[in-house]
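Every read-out reported here was derived from the displayed coordinates using simple, explicitly stated rules and does not represent laboratory data. Remember, it's a predicted structure, so these values are computed and weren't measured experimentally. Neighbour counts are summed over all protein chains in view; Cβ atoms, including those assigned to glycine, are modelled from backbone coordinates with ideal geometry.
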Amino acid sequence: MILGLIKQKGGVFALSPERFCQIPVKYLQPYDILRKEMLGYAISGFYWVIAKDDENYVRVPFARNEFWFKALTSDVEYSCIARLPQIYIIGQA
């Protein structure tokens, strides 16, 4: 789907753990995430938002766990993040 980074398998998006670790981490405030082109969110310990920053894809830590994710996305302004497709991290690390 995205330059070999994320593959579509059936109706879901998948990412290998190696590729996930290769995506650089960028720390952004939640309101800054909304200004980026968001591709989806992935769960690997944290809830990460995969977004495009300039010409590169970055992973932005968004929430510590499911409870925080639901709390943060219950706000009308950030509910669009909950509607993003989930990107599953599959395979062996």
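For the stretch 77-82, take each phi angle, set θ = phi - 60°, evaluate the Karplus expression 6.51 cos²θ - 1.76 cosθ + 1.60, and give the result in whole Hz per residue in order, putting x for glycine and proline.
Couplings: 5, 9, 5, 5, 5, 5 Hz.
Could you pull out every one of the lysines with an alpha carbon less than 16 Å from that of Lys26, ignoring same-chain neighbours closer than 8 positions?
Of all the lysines, those that pass the test against Lys26 - Cα under 16 Å, at least 8 places apart if same chain - are Lys36, Lys52.
Please report the equivalent ellipsoid semi-axes of the stretch 32-93, computed as sqrt(5 x eigenvalue) of the Cα gyration tensor, largest first, in whole Å. Before the final figure, lay out each step's value.
On the way: eigenvalues 63, 54, 17 Å².
Working from the Cα gyration tensor, I get semi-axes of 18, 16, 9 Å.
Between Arg35 and Lys7, what is the FRET efficiency for a Förster distance of 35 Å, r being their Cβ-Cβ separation, to the nearest 0.05?
Details: r = 27 Å, r/R0 = 0.77.
Rounded to the nearest 0.05, the efficiency is 0.80.
How much net charge surrounds Ile43 when only other residues with a Cβ under 12 Å from its Cβ are counted (Lys, Arg +1; Asp, Glu -1)? Each step should come with its number before you reach the end.
Working: positive: Arg59, Arg64; negative: Glu66.
The answer is +1.
Give me the dipole magnitude in Debye, nearest 20, for the chain about the Cα centre, with unit charges on the beta carbon: positive for Lys and Arg, negative for Asp and Glu. If you can, show how the numbers build up before the last one.
Working: 11 positive and 9 negative charges, 50 e Å.
The dipole magnitude comes to about 240 debye.
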